[in-house]
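*Asks:* Just passing along the structure, written as structure tokens.
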Amino acid sequence: MESITTAVLVTTLIFKAVEKSGETIGEALTSKISQLINVVREKFKSKNVEGILVQAQEVPTETNKQMFKSILEMQISQDEEFEKTLKSLVNEIQTFDQTEQIFLKDIDVSGDAEIGDIVQNKKSSSSANQEAAVNLKVGGSLKIGNVNQQS
């Protein structure tokens with residue numbers, strides 16, 4: 001991976017994380033992206049350019065993102081250890097496998113409803129976000145069988 005490619009990937013990951021900050025992307029993946037951002041933040045802080053990252057995160061215009069990416073490319077090209085750290089984190093994030101399992105979300109039951117047994121399984125090598133019975137509105141009776149979420 002060239003330093004420019006690494007910079008592009010890091011920039012994309014950081015700004016996708018900012019866009020999705022209101023969504024559930026999984027605790028483990030959020031932790032890895034936070035780790036990536038912290039590595040970049042510490043590098044920028046040591047070079048007195050942390051304001052570029054802050055500005056790009058707070059106001060993610062194309063101009064601010066491009067300025068951030070340019071500074072990041074320069075830092076990567078000048079510091080082999082920084083580049084290795086970023087590549088390692090990017091690889092971990094890219095190979096991260098997360099399962100999103102949601103059932104009974106945004107359901108409005110005005111009468112009676114009955115739902116049988118439900119089982120949610122995740123692949124052993126992945127992280128899972130499992131949610132059950134989210135944002136339900138029940139105006140009658142709702143009977144749910146056995147719920148089994150396995151991780």
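*Asks:* When the residues of region 77-105 are narrowed to those that are surrounded by fewer than 16 Cβ atoms within 10 Å (Cβ to Cβ), acidic (D, E) and modelled with pLDDT of 75 or more, which ends up farthest from K137 (Cα to Cα)?
*Replies:* Checking each candidate, the answer is E80.
*Asks:* Residue pairs, Cβ under 9 Å, 6 or more apart or interchain, first in region 116-142 and over 15 Å from I102 (Cα atoms) and hydroxyl-bearing (S, T, Y), second in a loop (DSSP other than H, G, I, E, B) and at pLDDT 75 or above. List them.
*Replies:* Qualifying pairs under 9 Å: S141/G111.
*Asks:* Restricting attention to region 46-81, which residues are hydrophobic (A, V, I, L, M, F, W, C), over 17 Å from I33 (Cβ atoms) and free of Cβ contacts under 8 Å to residues at least 60 places away in the same chain? If you could, list the steps in order and put the result at the bottom.
*Replies:* So in region 46-81, the residues hydrophobic (A, V, I, L, M, F, W, C) come out as 49, 52-54, 56, 59, 67-68, 71-72, 74, 76.
Cutting the leftovers down to over 17 Å from I33 (Cβ atoms) gives us 49, 52, 59, 67, 71, 74, 76.
Of everything in region 46-81, those that are hydrophobic (A, V, I, L, M, F, W, C), over 17 Å from I33 (Cβ atoms) and free of Cβ contacts under 8 Å to residues at least 60 places away in the same chain turn out to be V49, I52, V59, M67, I71, M74.
*Asks:* Considering only residues of region 47-76 that are part of a loop (DSSP other than H, G, I, E, B) and β-branched (V, I, T), which is least open to solvent (accessible area, probe 1.4 Å)? Don't jump to the end; show me each part of the working.
*Replies:* The first filter runs over region 47-76 and keeps only residues part of a loop (DSSP other than H, G, I, E, B), leaving 47-49, 59-61.
Keeping just the survivors that are β-branched (V, I, T) gives 49, 59, 61.
Values: V49: 36, V59: 65, T61: 60 Å².
Per the stated criteria, the residue is V49.
The values are calculated or read from the model by the stated rules, or taken from the named source; none is laboratory data. Treat the numbers as computed from the prediction; the structure is a model and nothing was measured. Positions of Cβ are generated from backbone atoms using ideal geometry, with glycine treated the same way; all protein chains shown enter the neighbour counts. To get the accessible areas, we keep the full protein, side chains included, count just its heavy atoms, and leave off ligands, DNA and RNA. Shrake-Rupley method; radii C 1.70, N 1.55, O 1.52, S 1.80 Å.
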